[in-house]
Amino acid sequence: MRSNSGVMRVFKGLPASHGQVAGTVYVFRKKWREQVPEYDISAVLISSEIERLQEAFTLTRHQIHSLSAELCKRVSGSESATFEGHVMILDDPVVIDKCQNKIKEQLCNAEWAVHSVVSEYAAIFESMEDEYLRERVNDIYDIGSRLIRNLLGVSDMAASLVTKPCIIVAEELSPSETISLPRHLIMGFATDRGSLTSHASLISRALGIPAVVGIGNLSEIAANGDYLLVDGTSGTVILHPDQNAIDELNKAAEINKTFNISLEELKNKLGQTKDNVRVPLIANIDSGTTISDLEAVGAEGVGLYRSEYLWLALNREPTEDEQTEAYTRAVRALEPDQEITIRVLDLGGDKIIANSKKPGEANPFLGNRSIRYLLRNPDVFKRQLRAVLRSSVHGKLQIMYPMITVLEELRETNQILAECMDELRREGRGFNENIKQGVMVEVPGAALIADSLAVESDFFSIGTNDLIQYTLAVDRLNESVARLYQPAHPAVLQLIDMTIKAGHAHNSKITVCGEMASDPVMAVLLYGMGVDEFSMTPNMIPLVKKVFSCIIRDDALQLAAEVRGMYAQEASTLYQYCKEKLLRLVPNVPL
Ligand code: PEP
Ligand code: MG
């Protein structure tokens, strides 16, 4: 029964997955922690209790493997590796040993033993400074909850209660909860916590389910059966909406639907403006992206291959041969005239290998990340450079260096690349002697010395995700400072402007590969500022292509000239100005 008797309340959160949906609420509560039975057992029952525990571990392992296989079928890319943390916890002999010891020493039931061990692990992870590790606490609770349910012989209670189409409202969703919910009945997600990079956000995006996260306290206010609107594009959630709000949402959803159908016809066309000036639109990918993902959106090449996902998927360094195979597969998947840019290992920050020997850092985003890590570990760097070079004979492959901040880093890198080339020559292995090398400009310092960097490289790729984070001192993962993460901030735009000018003065091509490229408003402005090529999340290519096909080059040039005269204004004013101008040029496109 739809209940819409309450007062309309509008909530703002983070737009985690595009699209609009209206429906009834199902509040998904995590109650397992309060429901764990605790009782004493007699010493004679220890072995049978341990046997029960072992069976629960085996069953849980099977369940996780089949959930993981299911996820791999439905999504590609890094999201399909979501359950690797779960498998690691389950396979860690220390975890089961600890549970068994609790049973033996405290003479407690298996459920309570699991509960105690999980709580101990969770407390350790919750107090960790590293954001990524802290987020792993959800995997730990998720495993604990599943083990206890299996010991109790109950199914996934909450998931099995979802029997009709609904919008899931939760404090936070774990990856296994998200994926185990019946997909055909889930219309949307709205969660109190979570950032755009939390697991539930990644999965909902990959599955195409509208989602808003980081809302605050919706799960305490909403009740089962309440009527809710979720706009995953604007990040708005409306509880007990009035007819006006429902009409508005329906209108937005209808426009989106018709519009998405209209994008299909552009699929096989190249990116260009209305006056036929080429604007190459290429894709950001990782080792899990398939050629059909790229064909489905009409990507014209790959501007960013995030090689670190090979490390993250294997949880170790891939061998030189494994890397060569992966890069070769990627380059061969493209047409012979399409370029692919392999970015060397960008490990560190939030991207870490679970069992890495890397010492913990107080500020990992400012620490031994990316090229800094590679230059301190030249053997790792060499293995990767050799693999990239070996793969370069198979197509138009270029190489790109992340986080370059000082000139010495580029020089040392060039030196190591030259050594790798010498080695390969001596070994008689083929590679492209003229391979192009690019610098990612994602640190303000790099933008400021772009002139010198351009002399010793072939192209620039502006990583706006990090450039914004480092310029504005805003953690890109932290929902509580998301308001300050402003792509149109005049400081960011001026750094981009400087990079373009310096690059072009040395005939270097300028690509933007951060998320700014996938926002059509920003992409048009950047194009007007001189960016040559845009690399983005594959599923945003059709929209950006459509927008460029509706404007002429001079429109973008004029917009950029106007914005250059507005650098004394607030970022929101600049953004709004660009958006309004673009809406006048492309009135039928939802921006
Ligand atoms: C960026 O920083 O904009 C970028 C593309 O790199 P990543 O998001 O992988 O850090
Ligand atoms: Mg980056």
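Points to keep in mind about this one:
- Test: residue in region 296-314 that is at negative phi, among the polar types (S, T, N, Q) and modelled with pLDDT under 95: yes
- Some residue of region 118-132 being within 19 Å of His62 (Cα to Cα), modelled with pLDDT under 85 and of a type in the set (Phe, Trp, Tyr): no
- Residue-level check: of (1) within 16 Å of ligand 1 (Cβ to nearest atom); (2) without any contact (Cβ under 8 Å) to a residue 60 or more places away in the chain; (3) farther than 19 Å from Ser307 by Cα; (4) among the polar types (S, T, N, Q), Asn465 misses just (3).
- Residue under evaluation Arg426, criteria (1) out of contact with any Asp or Glu (no Cβ under 7 Å at 6 or more places or on another chain); (2) away from ligand 2 (no atom under 16 Å from the Cβ); (3) charged (D, E, K, R); (4) in contact (Cβ under 8 Å) with a residue 24 or more places away in the chain, criterion not met: (4)
- Residue in region 503-515 that is within 14 Å of ligand 1 (Cβ to nearest atom), under 29 Å from Ala362 (Cα atoms) and of a type outside the set (D, E, K, R) present: yes
- Close contacts from region 101-123, counting a first residue that is assigned by TED's automatic domain parsing to the domain that holds His86 and a second that is open to solvent by 60 Å² or more (accessible area, probe 1.4 Å) and hydrophobic (A, V, I, L, M, F, W, C), with Cβ to Cβ under 7 Å and a gap of 6+ residues or different chains, come to Leu107/Ala43; Glu111/Leu152.
Let's see how each residue does on (1) more than 16 Å from ligand 1 (Cβ to nearest atom); (2) open to solvent by 30 Å² or more (accessible area, probe 1.4 Å); (3) touching a Gly at 6+ places or on another chain (Cβ under 7 Å):
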position: Ala517; (1), (2), (3): no, no, no
position: Gly528; (1), (2), (3): yes, no, no
position: Ala561; (1), (2), (3): yes, yes, no
position: Arg564; (1), (2), (3): yes, yes, no
position: Gln576; (1), (2), (3): yes, yes, no
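- Restricting attention to region 233-280 and to residues that are out of contact with any helix residue (DSSP H, G or I) (no Cβ under 8 Å at 6 or more places or on another chain) and in a loop (DSSP other than H, G, I, E, B), the residue that is surrounded by the fewest Cβ atoms within 10 Å (Cβ to Cβ) turns out to be Asn268.
- Checked against (1) open to solvent by 10 Å² or more (accessible area, probe 1.4 Å); (2) within 16 Å of Ser461 (Cβ to Cβ), Pro542 meets all criteria but (2).
Condition check ((1) of a type outside the set (Phe, Trp, Tyr); (2) in contact with a strand residue (DSSP E or B) (Cβ under 6 Å, 6 or more places away or on another chain); (3) without any contact (Cβ under 8 Å) to a residue 40 or more places away in the chain; (4) within 13 Å of ligand 1 (Cβ to nearest atom)) across all residues:
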residue	(1), (2), (3), (4)
Val441	yes, yes, no, yes
Pro444	yes, no, no, yes
Glu456	yes, no, no, no
Gln469	yes, no, no, yes
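- Hits in region 86-110 - residues which are assigned to a helix (DSSP H, G or I) and in contact with a strand residue (DSSP E or B) (Cβ under 9 Å, 6 or more places away or on another chain): Lys102, Gln106
- Of all residue pairs spaced 6 or more apart or on separate chains, those with beta-carbon atoms under 8 Å, a first member in region 303-326 that is farther than 14 Å from Lys351 by Cβ and hydrophobic (A, V, I, L, M, F, W, C) and a second member that is open to solvent by 20 Å² or more (accessible area, probe 1.4 Å) and away from ligand 2 (no atom under 16 Å from the Cβ) are Ala326/Ser287; Ala326/Leu310.
- In region 299-329, the residue that is farthest from Phe381 (Cα to Cα) out of those that are away from ligand 1 (no atom under 16 Å from the Cβ) and in contact with a strand residue (DSSP E or B) (Cβ under 8 Å, 6 or more places away or on another chain) is Glu300.
- Restricting region 281-298 to residues that are in contact with a strand residue (DSSP E or B) (Cβ under 7 Å, 6 or more places away or on another chain) and outside any loop (DSSP other than H, G, I, E, B), the residue that is surrounded by the fewest Cβ atoms within 10 Å (Cβ to Cβ) is Leu294.
The values are calculated or read from the model by the stated rules, or taken from the named source; none is laboratory data. In this text the structure is predicted, and so the values were computed from the model without any measurement. Every residue, glycine among them, receives a Cβ derived from its backbone with ideal geometry; neighbour counts consider all protein chains shown. Note: areas computed on protein heavy atoms with side chains; ligands, DNA, RNA excluded. Shrake-Rupley method; radii C 1.70, N 1.55, O 1.52, S 1.80 Å.
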